[in-house]
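The values are calculated or read from the model by the stated rules, or taken from the named source; none is laboratory data. What you see is a predicted model, and the numbers here were worked out from it, not measured in a lab. Because the Cβ atoms are built from the backbone with ideal geometry, glycine has one as well, and the counts that use them run over all protein chains shown. What goes into the accessible areas is simple: the full protein's heavy atoms, side chains included, and nothing from ligands, DNA or RNA. Shrake-Rupley method; radii C 1.70, N 1.55, O 1.52, S 1.80 Å.
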Amino acid sequence: GKELWLHNTMTRRKELFKPKVEGRVGMYVCGVTAYDLSHIGHARVYVTFDVVCRYLKYLGYEVKYVRNFTDVDDKIIARANELGEDPIDLSRRYCEEFNHDMAYLNCLPPSVEPRVSDHMLQIIDMIRQILDNGCAYAIDGDIYFSVDKSPYYGRLSGRTLEDNRPGERVAVDTRKKNPADFALWKSAKAGEPFWISPWGRGRPGWHIECSAMSAEHLGFSFDIHGGGMDLIFPHHENEIAQSCAACKESSVSYWLHNGFVTIDSEKMSKSLGNFFTIRQAIFQVIKVYHPLALRLFLLGTHYRSPVNYSDLQLESASDRVYYIYQTLHDCEIILQDSDSSTLKDSIPSATASWISKFHDEFFTSMSDDFHSPVALAAMSEPLKIINDLLHTKKGKKQEARIKSLAVLGDAVGNSLAILGLSPDSYSEALQQLRNYALHRGKLTEDQVMQKIEERNIARSNKEYENSDAIRKNLATLGIALMDSPEGTTWRPTIPLALQE
């Protein structure tokens, strides 16, 4: 098997992956705070860690993947009060929406999806432990963590305590011993949900929740902890401080963080007002891009680099997905129609060496900190060879052609599966991609067929200017016409305006 190298945020370098228990991996990824629809920044986090999980499984590890839901939080309470709704009901609804989005993006469900509301005993227990160990203090029913008691505080983010500007996510509280101290427990205000604790009615702070849930489901010591780069500070920094204060043996081997999604190179955030939900990104009211095209777009950049969202990028990803599925679909049809005895042929040596080169490029790049863009690029050559074997004069004459198509198709198909890019059926996915393209061009299939008919009439009347204009108008809308002896068909294409 290949050695896997991961970039560890804690050490700021790539390290060889060695699990704590042979053959098994424990991974915790911070889930969403369920008060709104997920946006494309979330999509990126969960597609990234879905690929991490799939690749670890491919390498033969048994993976326990824990991804939580924060369903108790200030933002949820604020949104619920705005809507006059029960906060727990509101967040349950958004948890369901989130799971729809995940299935839609072809992310496998995690092994466990703990919710804060189901883990109050563990949270209260951990806070008690931290207090007993002298690392927290109580003021008027609030419990604060004392960062002065955490010798390595700031190690993950590389911040010193002087860098920490208080009041970024929380109002400055002058009662704190150190401005960087953070709440483990907050006393309940009137009309807020609360739980009974040794310190009175209240609810947990944001950071303690993940420490308690990861300890409950993976133990204090596990392999991988992941999330977006925005969580490095303060969230993950505070998790480390709390977990170590509760249990000296606490340790996470590898911290993995993915980069942001920018839109025209600005970080997406509510405060900048350029925030939009996954729903808008993909649907913009009606569905605009195929989910597997969105997934390919996200995997087309290394997970640690920023991704810049643009329509051209998504059109290109749609175009690429269409080409991949069309190639594999054509390959499937030929294999179905061919005599099964041809599959017993031995693999031609040229094909064998193409496959081993492809395997080598794909797995070397994935084992190098999940370098998906290089892994995707490695597919270009085998796809081109498949198309040559399918459609060119020279390709059709190759000996053991059917056998070559079978093994090349399998090699590409298996790699797509590792990246979570396999559709249930190629023909179905191609039809969906065509429908998305029609939507984007504000056309119906009937209108396209009518245009093809008009063009055929113009051509038979030798009105070539007219027939070229029809073709160009469709190309502007993202529909390419293809002429063959059997007649004219169409496929989606990147709209002309975007290509220029």
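Out of all the residues in the range 39-68, which are buried (at least 22 other Cβ atoms within 10 Å of the Cβ) and at pLDDT below 95?
Within the range 39-68, I40, G41, A43, R44 meet the criteria.
Of G420, G478, which residue is assigned by the TED database to the domain that holds S372, under 30 Å from the mean Cα position of the chain (by Cα), touching a residue at least 40 places away in the same chain (Cβ under 8 Å) and surrounded by 14 or more Cβ atoms within 10 Å (Cβ to Cβ)?
The match here is G420.
For a quick check of your reading of the model, give me the residue pairs whose first member lies in the range 204-216 and is under 15 Å from P234 (Cβ atoms), whose second is of a type in the set (D, E, K, R) and surrounded by 24 or more Cβ atoms within 10 Å (Cβ to Cβ), with beta-carbon atoms closer than 7 Å and at least 6 apart or on different chains.
Filtered contacts from the range 204-216: H207/E239; C210/E239; S211/E239.
Counting only residues that are open to solvent by 10 Å² or more (accessible area, probe 1.4 Å) and in a loop (DSSP other than H, G, I, E, B), how many does the range 346-369 have?
3
Which one of L90, L121, L108 is among the hydrophobic types (A, V, I, L, M, F, W, C), in a helix (DSSP H, G or I) and in contact with a helix residue (DSSP H, G or I) (Cβ under 8 Å, 6 or more places away or on another chain)?
Going through L90, L121, L108 in turn, the sole match is L90.
Give the range 455-482 a look and list any residue that's out of contact with any helix residue (DSSP H, G or I) (no Cβ under 9 Å at 6 or more places or on another chain) and under 20 Å from D319 (Cβ atoms), or say none.
Listed by number, the list holds a single entry, M482.
All but one of (1) touching a strand residue (DSSP E or B) at 6+ places or on another chain (Cβ under 9 Å); (2) outside any loop (DSSP other than H, G, I, E, B); (3) open to solvent by 10 Å² or more (accessible area, probe 1.4 Å) hold for N81; state the number of the condition that does not hold.
Condition (1) is where N81 drops out.
In this structure, is S372 in contact with a Lys or Arg (Cβ under 6 Å, 6 or more places away or on another chain), buried (at least 16 other Cβ atoms within 10 Å of the Cβ), in contact (Cβ under 8 Å) with a residue 60 or more places away in the chain and within 18 Å of G300 (Cα to Cα)? Talk me through it step by step, then tell me what you get.
Details: in contact with a Lys or Arg (Cβ under 6 Å, 6 or more places away or on another chain): no; buried (at least 16 other Cβ atoms within 10 Å of the Cβ): yes; in contact (Cβ under 8 Å) with a residue 60 or more places away in the chain: yes; within 18 Å of G300 (Cα to Cα): yes.
Criteria not met by S372.
For the range 127-155, enumerate the residues that are of a type in the set (A, V, I, L, M, F, W, C) and under 13 Å from K248 (Cα atoms). Quick ask: steps written out before the conclusion?
Within the range 127-155, the first condition is being of a type in the set (A, V, I, L, M, F, W, C), and the residues that meet it are 127, 130-131, 135-136, 138-139, 143, 145, 147.
Residues satisfying the conditions are I130, C135.
Just name the residue that is surrounded by the fewest Cβ atoms within 10 Å (Cβ to Cβ) out of those in the range 129-146 that are part of a helix (DSSP H, G or I) and out of contact with any strand residue (DSSP E or B) (no Cβ under 9 Å at 6 or more places or on another chain). Before the answer, list the steps.
Filtering the range 129-146 down to residues part of a helix (DSSP H, G or I) leaves 129-132.
Now restrict to residues that are out of contact with any strand residue (DSSP E or B) (no Cβ under 9 Å at 6 or more places or on another chain): 129, 132.
Working: Q129: 17, D132: 11.
Among those residues, the one meeting the criterion is D132.
For the list (1) open to solvent by 50 Å² or more (accessible area, probe 1.4 Å); (2) within 27 Å of I208 (Cβ to Cβ); (3) touching a residue at least 60 places away in the same chain (Cβ under 8 Å), I need the number of the one condition that T11 fails.
The single condition T11 does not satisfy is (3).
Can you tell me which of A246, A180 is more than 30 Å from the chain's Cα centre (by Cα), surrounded by 22 or more Cβ atoms within 10 Å (Cβ to Cβ) and at pLDDT below 95?
Of the residues listed, the single one that is more than 30 Å from the chain's Cα centre (by Cα), surrounded by 22 or more Cβ atoms within 10 Å (Cβ to Cβ) and at pLDDT below 95 is A180.
Kindly indicate which of S404, S460, S425 is closer than 23 Å to I324 by Cβ and surrounded by fewer than 18 Cβ atoms within 10 Å (Cβ to Cβ).
The conditions single out S425.
So which residues in the range 289-305 are at pLDDT 90 or above and over 13 Å from the mean Cα position of the chain (by Cα)?
Applying the first criterion (at pLDDT 90 or above) to the range 289-305 yields 290-305.
Matches in the range 289-305: H290, S305.
Quick check on my filter: what residues within the range 1-38 are among the aliphatic types (A, V, I, L, M), farther than 19 Å from K64 by Cα and modelled with pLDDT of 95 or more?
M10, L16, listed by residue number.
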